[in-house]
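Before any comments, here is the structure.
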Amino acid sequence: MTPRRLPSVPSSPIAVARRGVLIGGPALLLAGCGLLPAGGEDGTPAGGSDAAEGAEPADGSGATTPPPGTAATLDFDVLEVGDEVTAGNLMSRVEDSETLIHPYAQAAVVASVLLESLTAEQYTALTGEEVPPAEGGEDGEAEPATTVLPGEMKRFLLTAWESTDPGWTPQPDPHLSTDLHIAHGGNEAIRLDPAGEGDAERSGIVLAIVDAEPAPDAVALRADMEGGIQQLSLVDGSVLTTPAPRLYTRGLEVEVSDADVLDTSVADGFGQDVMTLHGTVEEAYLSPFVDSGLDYGGHLGWAEEGEIHLVVPLTWDRDYSANIEELTEVVLVLPDGTELRPAQDQARMFGSAHRRPIATFTVPDSLDSATVEIRPRFTQVLDEDFEQVEEPLTATLTFA
């Protein structure tokens with residue numbers, strides 16, 4: 001599927017990732033190394049050439065034919081380019097790329113061009129390879145080609161992409177990384193260095209042979225973590241595939257309102273007079289991928305089609321007591337009255353005064369609102385007859 005343009009950057013500091021077109025980051029970085037010149041006033045690439053000097057129009061297709069004995073036709077799929085300056089002089093800046101968002105990869109196309117031909121000097125600078133002999137020379141002589149062509153009804157695609165760290169929340173386990181590939185015609189052609197925690201910034205330039213009017217999936221950047229594959233077209237900058245459409249069609253922010261607050265004390269019965277507790281719900285967020293532990297209930301992976309994960313960190317500040325056993329429960333109540341239990345073991349959620357309880361649910365991605373309900377309950381280890389039950393706390397969650 002091709003999602004529509006991304007929404008504006010969310011204001012919530014716990015949003016899964018920054019969204020929008022990568023203009024401030026990658027474009028400026030690439031411009032700093034000479035990759036993105038201003039180009040001509042008419043929008044043509046600076047220094048670019050559609051055909052060799054002196055060429056004449058061919059058959060009205062828009063292509064041109066170099067003089068006999070001067071050109072060679074190439075046959076390859078896609079190559080990595082190392083000469084940023086030469087590439088930058090050929091490409092034009094891309095301002096309307098969508099932004100692919102994946103754990104450890106937030107990528108966009110920043111410059112691109114389609115070319116009918118390359119000069120020998122351009123080809124060697126871009127690929128590091130010497131030009132092949134020219135075709136069709138007189139008397140069988142094979143002089144080095146001065147022009148290289150991509151083949152009949154083909155063009156060269158030269159394109160640059162860049163990726164930064166999306167600040168994915170919740171952050172995946174440190175041992176996980178996002179695998180990155182350049183795909184050509186749907187097949188993985190170039191394996192790139194995987195992007196991981198603290199090492200997520202990536203960029204690259206590729207040269208490919210594509211159809212004269214290439215389909216968006218002719219060349220793509222493919223990102224994969226734990227089987228969740230997303231692809232960014234390096235032809236037109238569109239997001240081609242995603243396991244998480246909500247990333248691009250709706251926001252991931254959650255508004256918390258009407259949150260009750262619990263301030264109470266529980267008789268300790270051993271060692272101290274009371275245990276004090278302050279509890280409420282202050283924040284929540286959505287995420288299509290959760291694999292970070294999240295206190296023994298967060299290894300959910302990618303949400304299934306039509307679903308999204310809801311993460312609710314609870315404010316639950318209490319004193320330590322060796323004699324008080326907390327049996328509090330938390331549920332998510334949907335508008336139709338359905339109650340969902342969290343992925344976490346609730347005995348572990350509330351079993352430590354030193355760890356913030358987190359409740360993670362999997363909900364329909366079309367959900368607009370829900371209610372978190374916390375049911376506080378306490379007993380004493382040394383007194384089987386003791387029980388203290390507080391009135392339930394609720395908080396309304398509204399999804400973007």
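The values are calculated or read from the model by the stated rules, or taken from the named source; none is laboratory data. Please read these numbers as outputs of a predicted model, since none were measured by experiment. Counting neighbours? That spans all protein chains shown, and the Cβs are built from the backbone with ideal geometry, glycine included.
Some values worked out for this structure:
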read-out: Any chance F386 is under 30 Å from Y248 (Cβ atoms) and of a type in the set (F, W, Y); value: no
read-out: Which numbered condition G297 fails, given (1) under 14 Å from D317 (Cβ atoms); (2) part of a loop (DSSP other than H, G, I, E, B); (3) among the small types (G, A, S); value: (1)
read-out: Elements of type strands (runs of 3 or more DSSP E) in the range 84-153, at least 2 residues being touching a residue at least 40 places away in the same chain (Cβ under 8 Å), under 23 Å from L221 (Cα atoms) and in contact with a Phe, Trp or Tyr (Cβ under 7 Å, 6 or more places away or on another chain); value: 105-115
read-out: Residue in the range 313-355 that is farthest from the chain's Cα centre (by Cα), counting only those that are closer than 17 Å to V372 by Cα and of a type in the set (V, I, T); value: T328
read-out: Criterion: surrounded by 14 or more Cβ atoms within 10 Å (Cβ to Cβ) and among the small types (G, A, S) - qualifying residue of A303, A322; value: A303
read-out: Which listed residue is closer than 18 Å to T147 by Cα, under 29 Å from the mean Cα position of the chain (by Cα) and among the β-branched types (V, I, T), from V94, V113, V78; value: V113
read-out: Filter result (surrounded by fewer than 18 Cβ atoms within 10 Å (Cβ to Cβ), in a loop (DSSP other than H, G, I, E, B) and within 20 Å of the chain's Cα centre (by Cα)) within the range 247-261; value: R250
read-out: Hey, A244 crowded, with 20+ Cβ neighbours inside 10 Å and within 19 Å of V363 (Cα to Cα) or not; value: yes
read-out: Selection within the range 178-221 - under 15 Å from A107 (Cβ atoms), surrounded by fewer than 20 Cβ atoms within 10 Å (Cβ to Cβ) and polar (S, T, N, Q); value: S203
read-out: Residue satisfying all of: in the range 343-396; surrounded by fewer than 19 Cβ atoms within 10 Å (Cβ to Cβ) and among the small types (G, A, S); modelled with the lowest pLDDT among these; value: A353
read-out: Matching residues, the range 342-390, being among the charged types (D, E, K, R) and in contact (Cβ under 8 Å) with a residue 24 or more places away in the chain; value: D345, R348, R355, R356, D365, D368, E373, R375, R377, D383, E390
read-out: Counted residues, the range 129-151 - those being at pLDDT below 95 and closer than 15 Å to A208 by Cα; value: 2
